[in-house]
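The values are calculated or read from the model by the stated rules, or taken from the named source; none is laboratory data. Note that the structure is a prediction, hence the values are computed from the model and not measured. With ideal geometry, Cβ positions are generated from the backbone for all residues, glycine too; neighbour counts draw on all protein chains shown. To get the accessible areas, we keep the full protein, side chains included, count just its heavy atoms, and leave off ligands, DNA and RNA. Shrake-Rupley method; radii C 1.70, N 1.55, O 1.52, S 1.80 Å.
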Amino acid sequence: MTRLTYDRAWAICTSFCIPVDRGFHALNSQHVQNIIDAADSVKYRQPKNANGSRARYFHAYLCRVIARGKIT
């Protein structure tokens, strides 16, 4: 998987209805399923020594990319 740009991350969030303004554990099961579907669409793999789910890591990745893009 290549790195996501701000525009691509925002497009993924809007097309899969993924909220990035809330923490992962505050999301309902439908949002988590949407995150998993989005991760599948970009072939995201979690880090080898991950202490959480792939959905949680991908949500954090999307939030970081979008937050970084808003600053610049």
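Highest average first, the peptides 61-69, 15-23 ordered by how many other beta carbon atoms sit within 10 Å of their residues are 61-69, 15-23. Each stretch of four or more DSSP H residues adds -39500 (n - 2.57); spread over every residue of the chain, this sum gives -18500 deg cm²/dmol at 222 nm.
In this structure the chain gives 68 Å² per residue of accessible area when probed at 1.4 Å with all protein chains present.
Here the chain exposes an accessible surface that is 51 percent carbon and sulfur, computed with a 1.4 Å probe and the other protein chains kept in place. Rg of the Cα atoms in the chain, relative to 2.2 N^0.38 Å, amounts to 1.02. Structural descriptor for the range 1-60: relative contact order 33 percent, calculated from alpha carbon pairs under 8 angstrom and at least 6 residues apart. Distance between the pseudo-spin-label points of residue 30 and residue 53 (7 Å out from Cα toward the beta carbon): 1.6 nm.
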